[in-house]
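Scroll down for the structure; my scribbles are underneath it.
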Amino acid sequence: MAIIRWNPWNLQSMLDDDWDLPTLPGISRMVGQGLNLYETEEAIIAEAALPGISGDKVDVSIDEGIVRVTATSEDRQEEKDKRRYFMTSIASSYNYSFRLPQGVVSDEEPEAELEDGVLRLTFKKIQKAEPKKIKVSSKSGAKKVEPTLK
């Protein structure tokens, strides 16, 4: 067994085992928690952090089982006065992509809702068919063969 030195400041090793961290818009860019995927009994749910983005600036596309979420926002403020000119500009862009697993209803559009800076996509799962039991009957003319031991 190899001995591995523990580094308490290694953020990546802390996140490897714990994917149930909440999506925090300000911190998600730093630690890579902008996209959360999880599964329930009925659906597969994707949550993407899009802080400060309105619904009309979000584009969701599905192509050959790959879901792409892109969003951009730009905010500009200008103040013009006789003696000064002041302008602030803030731009943000988000790009997420992931592959849908097997078992998702492909001909139905996912449910998408944007609330408090988090886009939630809900993909319904295909209902699994219960395995059928097949009754095997034997014909009356068949003979029973007894095994012989030597």
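The values are calculated or read from the model by the stated rules, or taken from the named source; none is laboratory data. As the structure is a computational prediction, the values presented were derived from the model and not from experiment. Quick reminder, even Gly has a Cβ in these numbers, built from the backbone with ideal geometry, and neighbours come from all protein chains shown.
Points to keep in mind about this one:
- When residues of the range 91-119 are limited to those that are outside any loop (DSSP other than H, G, I, E, B) and in contact (Cβ under 8 Å) with a residue 60 or more places away in the chain, the one surrounded by the fewest Cβ atoms within 10 Å (Cβ to Cβ): 98
- Here the range 102-150 is the region considered, the condition is being acidic (Asp, Glu) and at pLDDT 80 or above, and the residue that is farthest from residue 45 (Cα to Cα) is 130.
- Subset of the range 56-90 (residues that are assigned to a strand (DSSP E or B), free of Cβ contacts under 8 Å to residues at least 24 places away in the same chain and of a type in the set (D, E, K, R)): 59, 63, 74, 75, 76, 78, 79, 80
- The sole residue among 139, 128, 135 that is without any contact (Cβ under 8 Å) to a residue 40 or more places away in the chain, at negative phi and touching a Gly at 6+ places or on another chain (Cβ under 9 Å) is 128.
- Number of the exception - residue 28 against (1) farther than 15 Å from residue 93 by Cα; (2) at pLDDT below 85; (3) surrounded by 15 or more Cβ atoms within 10 Å (Cβ to Cβ): (1)
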